[in-house]
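Each remark here refers to the structure printed beneath this line.
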Amino acid sequence: MNILITSMFYEKSFGQGLCARKLAEYLAEKGHKITVLHGEKQEFSNKKNLIIERINSTDLKGVDILSFAFNLKQKVLQPTGFDVIYAQDYSLGLIDFTKISIPLIYHARGTVKGNSLNRPKASLKTELGRKMIIPLMIEMDKNCCQNAKRIITASKTIKQEIISFYGIAEEKISIVGDGVDLKKFIKSKDVLKKAEKLRNKLKLNNKKVLLFAGRLVPQKGIIYLIKALTEITKKFPELILLIAGKNTSENYKKVIQKEIKKNNVSEFIKFIGYIEQDSMPELIELSDLIVSPSTYEPIGIINIEAIAMNKPIVIPKSIGSIDLLRESALIVNPENPKEISDAVIKIFSSKKLYKKLSEKGRINAEKTEWNKIGKKIEEILSENK
């Protein structure tokens with residue numbers, strides 16, 4: 001097949017970018033001719049059967065995807081020889097699909113409407129900006145869903161959102177989760193050695209380590225975890241929270257810092273910035289518990305990576321991958337700091353519970369191995385070309 005993949009993010013930026021790269025590479029390795037159109041601020045090298053092309057977009061946060069979508073529209077409307085378009089996000093939603101004859105397969109890793117309904121309140125300026133932009137994004141998302149020949153989504157939760165919000169027929173939607181590289185996320189000698197080295201570098205010896213890994217944006221719920229630290233550290237004063245992630249807004253960084261100061265927990269927190277995907281196994285390995293208090297989380301790849309390494313997790317009740325993660329997790333209302341603190345204290349206070357939550361993670365994570373996910377995607381693309 002000659003496949004066009006469109007994705008605002010590619011390779012390193014967020015879970016979507018990682019998934020787009022892994023799927024593109026899998027399909028190229030299977031002999032399909034793949035062209036990727038992405039909006040990253042860097043160029044990537046082409047590989048066998050894989051052409052990677054950058055589409056320009058503005059640097060202005062909030063409207064960057066609209067800029068990318070406009071430029072992508074001009075590109076896709078040009079004559080092509082593709083058998084199928086495989087869209088990784090709603091950036092194709094500005095297109096009048098009556099003008100193209102290529103079938104669209106839409107990978108909805110969430111819904112814009114679901115995300116907007118579950119975002120914490122922001123500043124007045126931000127809220128006004130959202131009111132202007134989000135309705136258009138919702139229409140773009142809806143346009144992709146309505147005009148796709150097949151929709152792929154990662155969970156029953158997101159499938160139900162698509163049906164409820166956009167009036168899509170259930171039989172049009174296939175559930176396929178995102179994957180994890182199980183060859184990397186394993187307790188190998190190399191990973192254990194690197195984890196010990198990183199633990200020493202970060203001065204974490206004799207510390208209980210909580211890990212938060214993700215973008216520093218309101219819907220990831222980092223504020224609620226910071227609020228929970230007050231009670232957690234009363235019980236475990238040797239605890240350190242590692243915050244690993246890319247800061248996408250200086251304004252939100254100030255909100256986080258203000259909350260840290262207000263709760264007097266700065267001595268219990270280390271910001272370690274964005275961590276390359278290749279270094280995530282050792283970061284997870286040195287951590288004792290991963291906490292993801294997102295208010296909207298269609299997948300939460302960090303949690304799948306964590307259970308692959310038999311680490312217990314604290315997750316929100318609305319997370320899309322809850323069926324996969326349930327046996328390794330305590331489940332909380334993310335907007336309730338007391339529930340978060342109670343869950344962390346409960347896990348650290350019971351060796352029996354800690355062991356129970358750690359035991360079956362690897363077995364469940366094996367369901368998400370990339371070759372299995374890639375094969376399912378390949379079959380869907382082939383059936384709908």
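Bear in mind that the values in this text are calculations on the coordinates, not laboratory data. Computed from a predicted model, the values in this text were never measured in an experiment. FYI the Cβ positions are ideal-geometry reconstructions off the backbone, even for glycines, and counts take in every protein chain you see.
Kindly provide the helix-only [θ] at 222 nm of the chain, computed as the sum of -39,500 (n - 2.57) over DSSP H runs of four or more divided by all residues, to the nearest 500 deg cm²/dmol?
Value at 222 nm, helices only: -13500 deg cm²/dmol.
Which far-off residues, 5 or more places away or on another chain, put their amide H under 5 Å from the one on LEU239, with H placed in the peptide plane?
LYS208
Treat the count of other C-beta atoms within 10 Å as a stand-in for reagent exposure and order ASP342, ASP141 from fewest to most.
Values: ASP342 17, ASP141 25.
In increasing order of surrounding Cβ atoms, one gets ASP342, ASP141.
Determine, for each peptide in 74-81, 192-199, the mean count of other beta carbons within 10 angstrom over its residues, then list the peptides with the highest first.
Per-residue mean Cβ counts within 10 Å order the peptides as 192-199, 74-81.
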